[in-house]
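The next block holds one structure in the form of structure tokens; read it before the comments.
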Amino acid sequence: MPDMKKNMNNLAEFVASKRHEAGLSSKELADRSGLSPAYISRIEQGHYESPSLPTIKALADGLGLTLHAFLSEAGLLNNQ
């Protein structure tokens, strides 16, 4: 089973990295995901240890990823 605390730190890094790869500002990701720019910033700073599934889905949508791809690439799935 994945270490969730470690993976949530990875989530912060993952979201920031994917946002930068996509050439998006925090505001642009916020607009695409329906989340606030402040919330995006807090996620990227690691302030949320367990965002809800709807929040993760919104981030995936904003980054142009499927939910499965987002969870897998972020290391949040146990791919056995």
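If you count only protein heavy atoms with a 1.4 Å probe, what accessible area per residue comes out for the chain, rounded to a whole Å²?
58 Å²
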* Whole-number D in µm² s⁻¹ for the chain, Kirkwood Cα-pair radius fed into Stokes-Einstein, 4 °C, 1.567 mPa s -> 105 µm²/s
* Restricting the range 34-80 to chymotrypsin sites (Phe, Trp or Tyr not before Pro) in coil, as DSSP defines it, with at most 15 other Cβ within 10 Å -> Tyr48
* **Rounded percent of accessible protein surface that carbon and sulfur make up, the range 9-70, 1.4 Å probe** => 51 percent
* Asked: Relative to the longest principal Cα axis of the chain, at what angle does helix 53-62 sit, 0 to 90 degrees, rounded to 10?
  -> 50 degrees
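The values are calculated or read from the model by the stated rules, or taken from the named source; none is laboratory data. Remember, predicted model here, so these are calculated numbers, not experimental data. As a convention, Cβ positions derive from the backbone with ideal geometry for all residues, glycine included, and neighbour counts pool all protein chains shown. Note: accessible area is taken over every heavy atom of the protein model, side chains too, but ligands, DNA and RNA are not part of it. Shrake-Rupley method; radii C 1.70, N 1.55, O 1.52, S 1.80 Å.
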